[in-house]
Each structure stands twice: as structure tokens, then as C-alpha cells.
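The values are calculated or read from the model by the stated rules, or taken from the named source; none is laboratory data. Predicted, not measured: the structure shown is a model, and the values here were computed from it. Don't worry about glycine lacking a Cβ; one is built from the backbone with ideal geometry, like all the others, and counts go over all protein chains shown.
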Ligand SMILES: Nc1nc2c(c(=O)[nH]1)N[C@H]1C(S)=C(S)[C@@H](COP(=O)(O)O)O[C@H]1N2
Ligand SMILES: [Mo]
């Protein structure tokens, strides 16, 4: 056998040893996480730590480019980098076993540090998966590298291809099987913990609202092909959060604590206690501050929930305008996310709520089961805490929540926006009457006017669909007499205070994108 070929085979085996060691490390970490803390799996904590440190423009780019797949892309990226490093360590271990194994251990330390840095870290339990995984991976690499070491002839001369391929492959096989079993067992434990939550959701019967949603006027939904549905089905509702694994909270053990500055009666609620209260049902449109002009991160649902202002009043909270000391309400989720809303907005009579139902069913896990917060008129990151478990009254001076620490605005009311849903950009509608249509929103102020401009022509009033309420988006349409050629269609809205939507384009950071949406079409 040529020695070059035998060298290549050894390098390939080194790479395989490295990959198997990494696989073992991840699988054992998965097993330990499954036993102690599912949210502390190695890829989850490293991914989470990456998200925490991602600069806002990059995060925005990722959301825009990969949309709701951003987290899958991130996890695949982490795994790809890990695989490359593992291959390198495996080849290194062929000549320097100890160094290779030490390299694997180093990754355990990185993983442990990432776990501790997560906002939902609870301490030592979080570092165990990474440390245990790294130890197992280091042992596996050391052992496999030993098997791949040349067998020396009795006279001290390296034997020609004398190391035992068969011995290596047998060890590799045993490692692979053991690691796969550990990983599968870990998945099983994690899954079993989620099952309690799944069952608690399936068994949850939502009470009837004491205050049902006001009847929606018949004309809220235009019959224009291509226009967004007035009510967004749960399965289509946009999702934006930092959670790499969606928290699966058991409704039976869930608690909500209300405490902090000016709270004279700190209280802890169970879900049953909340459900026993008079519930309200409202149509509310939720929007993400990361939504670009014309973007998709907006949805409208019928929410069922507990009026939040009532709970706060019972706890003794007084709004700042009546002398209350706390001006910021910080909501905290089970995964450590923090969101801050003005106490004044929450208590000014709008339908701020702790939602338990979404379009007639318990909240989907993706959207915050068992309870999330909603404040009509505010972007999601300053109001819509999913998987909420704690409400703390404080001040804007005293505390900056998660996104505010990352340069987003402390206060962020939703900006007036209009979006053209049809025709689509670069569509080729036939000459003659073309229906231009879409949605406009200015939550808690309402939409009173939408105008369309063709090229540089005059602004023309669009026809407004019926308005369900000031907290929802409103559909509009415009019959355009399309003439051959390329045309730019631009839309702008006016809110219920009479304020016209600004033309000035801004970025999403720090407090939401502004500017007019336009679409270019060609009439053949
Ligand atoms: N726990 C938690 N709640 C959260 C977030 C999050 O990352 N974690 N993201 C917020 C943001 S930025 C938005 S826009 C809304 C999105 O809610 P949705 O995913 O149900 O559409 O949830 C908010 N609540
Ligand atoms: Mo958001």
C-alpha cells in the first residue's frame, strides 16, 4: 500500500474521530440537559448567547433575510462551525492526543460560559450539560486517537500501516452507538417534560368572556384577491422572539407574580385564578418594531384575556399621572426575556391584557402559552411578553429591559403605516381597471384616511373598509385605471388624530421604520 494513501486514510480517521468526539459531547450534553434542564442544551445556550450579542442591524438582517427560519440558520451555522473545529481537533489528536482532548474540554468551558450568560440562567444546573458533554467528548477523542496511533514494531520502527484499522473502526462504531443512545435518551427526557405542558394545553377549557369582542362590521374584509385576511389564522401569525427552543410551560404549575415599586399588595396568581376573573375578548393587531415598510411582521387576532389594569389596581398600583411612583412595568418571561411598558399606557383605559386565548383556542406555545401580555398601540418588544411569569413595577430610570440594553428605544408606540398587498411588486397587471388594495394601521389611534399616488400624480383617496376598532388594522382599496408602461404606486395613511404618515424613511432601530410603501408594476 502506498504510504501517501495510508496517510490520507489516517487523516480521514482523525477527522472521523474528531466528529465522533463532538457528536459524543453534544449527545451527552443533551442527555444531561434532558435530566437537569432542557433549556440548557449546548446548541440552545450557545445559540442564545449568540443572539444576545448579535448587534441590532445584524439581527434585523437575519430576520429580514431568513425570516422565521433565522433560528434554524443560526443553529445550522453553529453546528457547521463546530464540525469544522472538531475535524481540526481530531487531526491534531493523531499526533497530540492530549492537546486534542484539551481542545474539546475548552469547548465545554465556552458552552458553560454561554449557559451562565443567558438571561434565564439559574446557575450551576446550566453548566452541567456542557461540562459533562465536553468530558465525554475529550475521553472519546483521546481513546479514538489512541486507536488510530501507529503500532510500533518491536524494534521501535513505525510499522507500515501497522495500526489497526479494524480496531479503530470497532471503537468508532461503539462510540457512535453509545453517543446516539445517550442523545436519544436525552431527547426522550426532554420530550417527556414537554408532554405535561402539551397535556395541560389540550385540557384547558377557555371560559366565555364576560365582555365579548364588539361585533365586527360586515365590511372589514374586502373581497379583493390577494389582500391580507382581516383575522390572521394562528398558524400564519408571525413569530418573533429570541427563544431557540420554544418554552413549554405546564399550565398547572405556572404562576404569575406581581410586585415592585408602589405595589402595596404583592400577589401571585395561578392560571385558574386568572381564568376565574371576568375576561375580555378583543380584536387587536400586533406589530413588530423590526417590520420594514411594507413588511410581514404584523398580525391581527381575537384575543381573550384578563384586563391588566384591574390586576394592577388590586395590587395597589397607581398610574404616574395620579401620583404613582412607578412609571415602568417590566414583564419577564420564563426564558428570561424582559420587556418594559409605560404604566400610564397600561392603565389609561385601553384593553391591555394578560391574554390566554388567541382566535378561540388557548395560546399556541409559539405565541406564549399559557399567558402573554398585550398592550394595544405598542410594538411587541415593549409590551407583548410571551410565556410571562413576573411583572415588576419600577421606573424607566432604574431599569433597562433586554432590547433597550441593545440600543432600541425605551418607549415605542406603533407608527402609522400602510401596506400595498396587491398588486405585488413587479406584477404585470393588464391595462384597464386594476384594484390596488392593502391594509393600514395605527393601533390605538385608528385609521381615518388612506391615499394612493400613481407615479408623481396627485394623491387620491382610497376606499376604506369598515373599521373594527382603533386597535386593529383597516383594509382599503383603490380602483386604478392602469395605462401601459411602468408605474410606481405609493400609499400613505392618516391616523385618528389627523396626523398623516410621514414620508421620511427611517430604519427599524431604534423605534420602528417610517416612510411610505410603494410598489413598482409594469402594465404590458
Ligand atoms: N418571552 C418573549 N416574549 C416576546 C419576545 C421574546 O423574544 N421573548 N419577543 C417580542 C417581540 S419583539 C414581538 S414583536 C412579539 C411577537 O409576538 P408573536 O411571536 O406572538 O407574534 O413578542 C414579544 N414577546
Ligand atoms: Mo418585535
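Taking the condition closer than 25 Å to residue 233 by Cβ, within 16 Å of ligand 2 (Cβ to nearest atom) and either in the same structural domain as residue 38 (by TED's automatic domain parsing) or without any contact (Cβ under 8 Å) to a residue 60 or more places away in the chain (or both), does residue 380 pass?
Working: closer than 25 Å to residue 233 by Cβ: yes; within 16 Å of ligand 2 (Cβ to nearest atom): yes; either in the same structural domain as residue 38 (by TED's automatic domain parsing) or without any contact (Cβ under 8 Å) to a residue 60 or more places away in the chain (or both): no.
For residue 380, the condition - closer than 25 Å to residue 233 by Cβ, within 16 Å of ligand 2 (Cβ to nearest atom) and either in the same structural domain as residue 38 (by TED's automatic domain parsing) or without any contact (Cβ under 8 Å) to a residue 60 or more places away in the chain (or both) - is not met.
Of everything in region 495-510, what is buried (at least 20 other Cβ atoms within 10 Å of the Cβ) and touching a strand residue (DSSP E or B) at 6+ places or on another chain (Cβ under 9 Å)? Give them in sequence order.
As a first pass, look at region 495-510 and keep what is buried (at least 20 other Cβ atoms within 10 Å of the Cβ): 495, 501, 508.
Result: 495, 501.
Determine whether region 403-421 contains at least one residue that is surrounded by 20 or more Cβ atoms within 10 Å (Cβ to Cβ), more than 22 Å from the chain's Cα centre (by Cα) and within 16 Å of ligand 2 (Cβ to nearest atom). Checking region 403-421: at least one residue is surrounded by 20 or more Cβ atoms within 10 Å (Cβ to Cβ), more than 22 Å from the chain's Cα centre (by Cα) and within 16 Å of ligand 2 (Cβ to nearest atom). Does residue 301 qualify as being out of contact with any helix residue (DSSP H, G or I) (no Cβ under 8 Å at 6 or more places or on another chain) and within 16 Å of ligand 1 (Cβ to nearest atom)? So residue 301 does not fit the description; no. Just one residue in the set 257, 265, 282, 277 is within 16 Å of ligand 1 (Cβ to nearest atom), in contact (Cβ under 8 Å) with a residue 12 or more places away in the chain and surrounded by fewer than 19 Cβ atoms within 10 Å (Cβ to Cβ); that residue is 257.
Evaluate the following for residue 225: is it modelled with pLDDT of 95 or more and touching a strand residue (DSSP E or B) at 6+ places or on another chain (Cβ under 8 Å)? When the stated conditions are applied, residue 225 passes them. Just one of the numbered conditions (1) surrounded by fewer than 24 Cβ atoms within 10 Å (Cβ to Cβ); (2) near ligand 1 (Cβ under 9 Å from one of its atoms); (3) in a strand (DSSP E or B) is not true of residue 366: (3).
Among the residues of region 294-305, the ones that are surrounded by fewer than 23 Cβ atoms within 10 Å (Cβ to Cβ) and over 20 Å from the mean Cα position of the chain (by Cα) come to 2 in all. Restricting region 383-397 to residues that are assigned to a loop (DSSP other than H, G, I, E, B) and more than 17 Å from residue 317 (Cα to Cα), the residue that is farthest from ligand 2 (Cβ to nearest atom) is 397.
Filtered by the rule that a residue be free of Cβ contacts under 8 Å to residues at least 40 places away in the same chain and touching a helix residue (DSSP H, G or I) at 6+ places or on another chain (Cβ under 9 Å), region 185-198 gives 191, 192.
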